[in-house]
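The values are calculated or read from the model by the stated rules, or taken from the named source; none is laboratory data. All values derive from a computational prediction rather than experimental measurement. All Cβ positions, even for glycine, are placed from backbone atoms using ideal geometry, and neighbour counts span all protein chains on display.
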Amino acid sequence: MATDLLAEGAQAPGFTAPRDGGGSVSLSDHAGRIVILYFYPRDDTPGCTTEALDFTALTAAFEAAGATVLGVSKDPVPKHDRFRDKHDLGIALVSDAETDIAERYGVWKEKRLYGKTFMGIERTTYVIDGQGTIRRVFARVKPAGHAAAVLEAVREIG
């Protein structure tokens with residue numbers, strides 16, 4: 001079921017989901033910190049790799065700004081592990097295999113590619129403040145330069 005993106009000022013839906021390396025991650029694990037929740041279509045594709053590498057390159061800057069980066073896709077944990085290891089990623093990768101998180105955040109959308117229609121994750125990033133309020137929404141993201149734009153938004157929220 002496709003829903004609308006959540007709006008700035010809305011309360012971010014909580015979640016607990018499996019993550020790369022084993023274990024799980026919850027939004028509530030990061031209470032009091034800014035969370036960058038970025039949704040991406042698939043591990044190890046060109047755009048998704050660019051985005052993950054850019055977020056990884058800025059990990060120290062995000063940490064200094066009091067923010068944690070969580071990447072979310074439908075891919076299972078073993079695929080996340082291979083993606084992380086292949087590219088030496090330094091961000092948490094969350095598995096949303098049942099698309100529960102994507103649906104609640106409104107990023108599970110009908111998409112078209114080469115004349116075919118299918119359901120998939122629309123590349124979207126939410127910046128969530130330490131109280132769980134969505135402060136910025138980046139919709140229909142283009143990967144190149146996106147992590148730097150998100151870092152600038154985090155610094156503005158500060």
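Values as computed for the structure displayed
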quantity: Top-ranked residue in region 143-156 [being surrounded by fewer than 16 Cβ atoms within 10 Å (Cβ to Cβ) and touching a residue at least 40 places away in the same chain (Cβ under 8 Å); ranked as nearest to T45 (Cα to Cα)]; calculated: A144
quantity: Selection within region 81-127 - of a type in the set (S, T, Y) and within 25 Å of G22 (Cα to Cα); calculated: S95, T99, Y105, T124, T125, Y126
quantity: Tally, over region 71-87, of residues that are buried (at least 19 other Cβ atoms within 10 Å of the Cβ) and in contact with a helix residue (DSSP H, G or I) (Cβ under 9 Å, 6 or more places away or on another chain); calculated: 7
quantity: Among (1) modelled with pLDDT of 95 or more; (2) surrounded by 13 or more Cβ atoms within 10 Å (Cβ to Cβ); (3) within 20 Å of T124 (Cβ to Cβ); (4) over 16 Å from the mean Cα position of the chain (by Cα) - the single one A102 does not satisfy; calculated: (4)
quantity: Region 1-34, residues that are outside any loop (DSSP other than H, G, I, E, B), more than 16 Å from V127 (Cβ to Cβ) and not small (G, A, S); calculated: T16, P18, R19, V25, D29
quantity: G47 being assigned to a loop (DSSP other than H, G, I, E, B) and either among the basic types (K, R) or surrounded by fewer than 18 Cβ atoms within 10 Å (Cβ to Cβ) (or both); calculated: no
quantity: Total residues in region 4-33, condition over 19 Å from S95 (Cβ atoms), modelled with pLDDT of 95 or more and either acidic (D, E) or under 13 Å from the mean Cα position of the chain (by Cα) (or both); calculated: 1
quantity: Hits in region 94-122 - residues which are under 25 Å from G9 (Cα atoms), touching a helix residue (DSSP H, G or I) at 6+ places or on another chain (Cβ under 6 Å) and not acidic (D, E); calculated: W108, I121
quantity: Any pair with Cβ under 7 angstrom, 6 or more apart, that starts in region 109-136 at a residue that is assigned to a loop (DSSP other than H, G, I, E, B) and ends at one that is among the hydroxyl-bearing types (S, T, Y); calculated: R123/Y40
quantity: Which listed residue is more than 25 Å from R140 (Cα to Cα) and not polar (S, T, N, Q), from D4, D88, D54, D44; calculated: D88
quantity: Some residue of region 84-92 being under 11 Å from the mean Cα position of the chain (by Cα), assigned to a helix (DSSP H, G or I) and not hydroxyl-bearing (S, T, Y); calculated: no
